[in-house]
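Quick notes on the structure that follows.
The values are calculated or read from the model by the stated rules, or taken from the named source; none is laboratory data. Keep in mind it's a predicted model, so treat the numbers as computed, not measured. Backbone-built Cβ (ideal geometry, glycine too); neighbour counts: all protein chains shown.
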Amino acid sequence: MGDARTGFDEFVRARSAALLRSAYLLTTDRQEAEDLLQEVLERLYVKWRRIDGAPEAYARRILTNQAINRWRRRSRRVREAPLYEHADEAVDDHADQLAVRGAVLHALRDLPMRQRAAVVLRYLDDLSEADTARIMGCSVGTVKSHTSRALAHLRSTLPDVFVPSSDTGTRSER
């Protein structure tokens, strides 16, 4: 039992920061991301001994599925939006960066959950289309479709963040 626990502890130390970043980008809320990651790690720990060779892929799949489930439950409930979501954030010399970050998070929040998951997994977690499809439980074509629609929405919502790429002729993130 000690070896399994040691392996799990090492995995958490090595990958929890990256998983938390993904959770944050999926939820766009720090507290929700921490809660989501905690749920994922609990589920992962229970199944740790049965996971063969790819615990991060398994963790990302749980993370994505749990984020989608939370989003579905939340969309069924009526919530009041806070007047100002980031009232406790300090604004310092990085006002432009914060503005861009806020705009990107707002644009991500507007995406349907599966499109958001596809963008986060493909571009922010730098996974292949096949890995993203495996984690999302869909085909590569579906990942391409979700990604294409999401990027089109992000480009129209964030025209100042996307600039033409010099080597491919497509638009990429700045």
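Points worth noting:
- Sole residue being polar (S, T, N, Q), buried (at least 17 other Cβ atoms within 10 Å of the Cβ) and either touching an Asp or Glu at 6+ places or on another chain (Cβ under 8 Å) or at pLDDT 90 or above (or both), chosen from Thr157, Thr132: Thr132
- So Arg114, is it touching a Cys at 6+ places or on another chain (Cβ under 9 Å) and closer than 23 Å to Leu19 by Cβ: yes
- Among the residues making up the stretch 46-64, those that are assigned to a helix (DSSP H, G or I) and free of Cβ contacts under 8 Å to residues at least 12 places away in the same chain are Val46, Lys47, Arg50.
- All positions within the stretch 40-71 that are touching a Leu at 6+ places or on another chain (Cβ under 9 Å) and either surrounded by fewer than 16 Cβ atoms within 10 Å (Cβ to Cβ) or more than 25 Å from Gly102 (Cα to Cα) (or both): Val40, Leu41, Ile51, Pro55, Glu56, Ala57, Tyr58, Ala59, Ile62
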